[in-house]
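Right, one structure below, let's go through it.
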Amino acid sequence: MKRKKQMLPKTTMKMSDNNKQKLPIGFMDSGLGGLSVLIEAVKEMPGEDFLYFGDSANAPYGVRPQEEIKKLTFNVVEKLMERGIKGLAVACNTATSAAVRSLRETYPDFPIVGIEPAIKPAVESNRGGRIIVLATPMTIAQEKYKKLVEKYRGGTDLVSAACPGLMEFVEEGDLNGPDLPKYFDEHLKSYLTPDTETIVLGCTHYPFIKERLKEYLNNDNIEIIDGSLGTARELKRRLKEAGLLKEGSGKGKITIENSSENPAMGERSRLLLSMAGISWR
Ligand code: DGL
């Protein structure tokens, strides 16, 4: 479905450049996962204000058809645009693969950055061992993902492991229980080889289970990487290019919102940010 080009809300369009700089940077994800990208963005741009929206009421996105993911993504983005933002991070690999192209066509000239599985850096540092990409079933099924793999894999032994149900551990705050290793037994073990060298976390929820995964692998030779820092830096670069970075120092404000009525989502978001030493202001 092709969408019409959208003008930004009038209030944003009429703003002076100076006032636009003061707007928050919008973040979206299907739930709490995008907080892993937000954490890197706050570290890169501590003076900026951030408005994060997690669509936990509709999570997971990663097992839905593409059109549905697109629709859900647009709903969230429209909300953020109405509130007034100066740039957007689609902090969800699934939403990026299903909707970022359409978003860019719909909001031309607006800084939009999406996240993709960090395949390029994994291949660049590869020393001949296996690369395993963990991502949602929808991310892996998308044409965009297949093209990404074909573009960068070269001669590497790269395999993609769909992980339905893994993001739920983060959404449900089940980070320390006994079920995670069981999940890895069922969904990851068969991909592991003695020469496995890198695991790419291709879903923004997964960095929050990185420590448990490390514990499970019990092998310091396996590097676990994700695209959150690269995405945060790209966002900064795009905002700078557009003259939208806030000037001056001082700490910015973080606003976190969620579509779920479950009051625990706020507390879980706070906990995930505090794990990275970021207090919610
Ligand atoms: N956090 C999302 C991603 O990066 C997806 C989780 C989901 O909703 O399935 O892919």
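Read-outs throughout are calculated quantities, based only on the coordinates presented, and are distinct from any laboratory measurement. Just so it is clear, the structure is predicted and the values come from calculations on it, not from any experiment. Virtual Cβ from ideal backbone geometry, glycine too; neighbours counted across all protein chains shown.
Brief remarks on what is shown
- Build a GNM of the chain with springs between Cα atoms under 10 Å apart, and of 106, 96, 204 the one that fluctuates most is 106.
- Theoretical FRET efficiency, 1/(1+(r/R0)^6), r = Cβ-Cβ of residue 127 and residue 185, R0 30 Å, to 0.05: 0.65
- Prolate/oblate/rounded label for segment 220-276 (Cα gyration tensor, a/c 1.5): oblate
- Rounded to the nearest whole angstrom, the semi-axes of the ellipsoid equivalent to segment 146-281, taken from the Cα gyration tensor as √(5λ), stand at 30, 23, 14, largest first.
- Selected from 115, 222, 85 as most flexible by GNM, with the chain as the system and alpha-carbon contacts under 10 Å: 222
- Proxy reagent accessibility, fewest Cβ within 10 Å first, across 36, 190, 228: 190, 228, 36
- Charged side chains reduced to their Cβ positions (Lys and Arg at +1, Asp and Glu at -1) give segment 1-122 a dipole of some 500 debye around its Cα centre.
- Gyration tensor verdict on segment 1-111 (Cα atoms; rounded if a/c is under 1.5, prolate if a/b is larger than b/c, oblate otherwise): oblate
- Rough spin-label spacing in nm, given labels placed 7 Å along Cα→Cβ, for residue 237 and residue 264: 4.0
- GNM flexibility winner over the chain from 163, 92, 203 (Cα, springs under 10 Å): 163
- Charge dipole of the chain about the Cα centre (unit charges at C-beta), most positive-ward option of 213, 37, 275: 37
- Using Cβ point charges alone (K and R +1, D and E -1), the dipole size of the chain about the Cα centre works out to roughly 1360 debye.
- Cβ-placed point charges (K, R +1; D, E -1), dipole of segment 77-151 about Cα centre in debye, nearest 20: 240
- Helices in the chain, meaning DSSP H runs of at least 4 residues, each add -39500 (n - 2.57). Divided by all residues, the mean residue ellipticity at 222 nm is -12000 deg cm²/dmol.
- Look at the dipole of segment 70-137 built from charges on Cβ: of 97, 73, 122, the Cα furthest out on the positive end belongs to 122.
- Lys/Arg +1, Asp/Glu -1 at C-beta; the chain dipole; positive extreme among 245, 87, 12: 12
- Contour excess over end-to-end distance, with Cα ends at residue 146 and residue 18 and 0.36 nm allotted per residue: 42.0 nm
- Loop-located GluC sites (Glu not before Pro) in segment 204-281 (DSSP state not H, G, I, E or B) with no more than 11 neighbouring Cβ atoms inside 10 Å: 247, 261.
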